[in-house]
Amino acid sequence: MNPTIEKIIDLMFRGIPETEETSAIREELLTNSQARYEDLIASGLSPDDALGQVLDNLRSMENVLDEYRSGKGSRAADQSAG
């Protein structure tokens with residue numbers, strides 16, 4: 001397990017109300033990111049390069065998490081209501 005990934009994900013979820021849904025998202029994101037990191041290491045990438053790729057993937061989640069910060073909830077709920 002890479003502690004940097006866990007710290008980054010903790011920071012990403014700062015300011016987001018903890019609900020059953022956000023806890024599940026956080027846990028899934030952490031599990032998937034750690035697994036991806038381990039897979040990249042196993043494929044021959046250096047730890048730094050593997051971490052860089054994982055962090056690049058995590059950046060794409062910021063827009064989704066911004067909706068939780070603003071209180072809009074999940075994107076699926078917003079789209080079905082709109």
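Around the amide H of L45, modelled in the peptide plane, lies no amide H under 5 Å away from a residue 5 or more places distant or on another chain. Per-residue surface analysis assigns L45 an accessible area of about 50 Å², computed on protein heavy atoms at 1.4 Å probe radius. Only the Cβ atoms of Lys and Arg (+1) and of Asp and Glu (-1) were treated as charged; on that basis the dipole of the chain about its Cα centre amounts to roughly 200 debye. Of M61, M1, the order by accessible heavy-atom surface (1.4 Å probe, DNA, RNA and ligands excluded), from most exposed downward, is M1, M61. When P(r) over Cα pairs in 5 Å bins from 0, in percent is calculated for this entry, the matching label among [x] 3, 16, 28, 28, 19, 7, 1; [y] 3, 16, 29, 25, 16, 8, 3, 1, 0; [z] 3, 15, 24, 22, 15, 10, 7, 3, 1, 0 is [z].
Protein heavy-atom surface of the chain, 1.4 angstrom probe: 51% of the accessible area is carbon and sulfur, with nucleic acids and ligands not counted. Only one residue of G71, Q34, A50 has its Cα farthest out toward the positive end of the dipole of the chain, where Lys and Arg carry +1 and Asp and Glu -1 on Cβ, and that residue is G71.
The values are calculated or read from the model by the stated rules, or taken from the named source; none is laboratory data. For clarity, every value in this text was computed on a predicted model and none was experimentally measured. With ideal geometry, Cβ positions are generated from the backbone for all residues, glycine too; neighbour counts draw on all protein chains shown. The accessibility values were calculated without ligands, DNA or RNA, using every heavy atom of the protein model including side chains. Shrake-Rupley method; radii C 1.70, N 1.55, O 1.52, S 1.80 Å.
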